Amino acid sequence: MQSADTPITPLIAGNWKMNRLPSEAQAWLRDLLARLEADADRGSRSELLLCVPFTHLAGMSELAFGTPVGIGAQDVSRHEAGAYTGEVSAPMLADLGVRYVIVGHSERREYHAEDDATVNAKAQRALAHGLTPIVCVGERQAERDAGRAVEVVLGQLAGALEGLEPGSAERLVVAYEPVWAIGTGRTPTQDQIAEVHAFLRDRLRTALPEAAEGIRLLYGGSVKPENAAEIFAIADVDGALVGGASLKAADFTRIIAALDG
Ligand code: PGA
């Protein structure tokens, strides 16, 4: 986390990926809300978010309205509207009350050939409609082995930031997710996370001097109740993007509690 004089609200975001049926999701959310309510005397200081499949957004946004849990999407079209079969636009998400969207997740980069220009276009489109993009960056194993982790991550960040207006860019969230840590149970060392986050913050200071200190830097990749506290203790880690463990309300609640100490 940052020093005490920096008023940054941490963000803990779950990424359900392509899991759970819409008909199961609402009961799941009720369970999570009940667990948070039971913990309410501890009062989480984090902002909480669940990024769910498009099919779940309307129902879950309605149920989550007025609760401490926000609902986000996992992707957005780079286009505004029109003949793009199968795509979902930023205005459609905003119209549902969705405020966050993940862009450039490594699974999109890998299986849908999304490059930095696509990620940038999606982030810009999201920002233009009042959505907060959670831009994912992260190196592959071979890139880390070759000593290129920082270079790869900073390149992806530069691609995402290109042409962003300083005014809207302050809403940005960046998630460092090493590809080799996603869904594998393997996590970087604390020093490795600290190194990448320090470089990310530094680059943000150069690119967006006014906004840099307020931009949240999440860590993602095999975050679990068992390792959450040590990850949250790292400088410049302002929360987490949680995949597998966000599918279990009990684990997700323990991760939220870990941030509050
Ligand atoms: P994981 O996924 O927590 O299951 O490793 C993280 C992510 O892909 O966002």
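List of remarks:
- Residues that are under 17 Å from the mean Cα position of the chain (by Cα) and surrounded by fewer than 16 Cβ atoms within 10 Å (Cβ to Cβ), drawn from the stretch 182-212: G183
- Cross-chain or 6+ apart pairs with Cβ under 9 Å, the stretch 174-195 first and more than 25 Å from L164 (Cβ to Cβ) and of a type in the set (F, W, Y), then modelled with pLDDT under 95 and within 14 Å of the ligand (Cβ to nearest atom): none
- The listed residue being buried (at least 22 other Cβ atoms within 10 Å of the Cβ) and free of Cβ contacts under 8 Å to residues at least 40 places away in the same chain, out of V223, V237: V223
- Enumeration of residues in the stretch 116-157 that are in contact (Cβ under 8 Å) with a residue 12 or more places away in the chain, of a type in the set (D, E, K, R) and away from the ligand (no atom under 15 Å from the Cβ): D116, K122, R125, R144
- Among the residues of the stretch 110-129, not a single one is closer than 16 Å to I215 by Cα, at pLDDT 95 or above and not in a helix (DSSP H, G or I).
- Take the conditions (1) buried (at least 22 other Cβ atoms within 10 Å of the Cβ); (2) away from the ligand (no atom under 14 Å from the Cβ); (3) within 18 Å of G239 (Cα to Cα); (4) not charged (D, E, K, R); A169 misses just one of them, which is (3).
- Residue satisfying all of: in the stretch 178-235; away from the ligand (no atom under 16 Å from the Cβ) and among the acidic types (D, E); farthest from L259 (Cα to Cα) among these: E210
- Restricted to the stretch 63-94, and to residues there that are free of Cβ contacts under 8 Å to residues at least 12 places away in the same chain and more than 18 Å from K17 (Cα to Cα), the residue that is surrounded by the most Cβ atoms within 10 Å (Cβ to Cβ) is M92.
- The numbered conditions (1) farther than 25 Å from V223 by Cβ; (2) over 21 Å from the mean Cα position of the chain (by Cα) are all true for E37 except (1).
- Single unsatisfied condition, G97 versus (1) out of contact with any helix residue (DSSP H, G or I) (no Cβ under 7 Å at 6 or more places or on another chain); (2) under 15 Å from I71 (Cα atoms); (3) free of Cβ contacts under 8 Å to residues at least 40 places away in the same chain: (1)
- Of the residues in the stretch 161-172, none is in contact with a strand residue (DSSP E or B) (Cβ under 8 Å, 6 or more places away or on another chain) and farther than 28 Å from A25 by Cα.
- Residue in the stretch 58-81 that is within 30 Å of A198 (Cα to Cα), acidic (D, E) and out of contact with any Leu (no Cβ under 9 Å at 6 or more places or on another chain) present: yes
The values are calculated or read from the model by the stated rules, or taken from the named source; none is laboratory data. Just so you know, these numbers come straight off a predicted model, no measurement behind them. Virtual Cβ from ideal backbone geometry, glycine too; neighbours counted across all protein chains shown.
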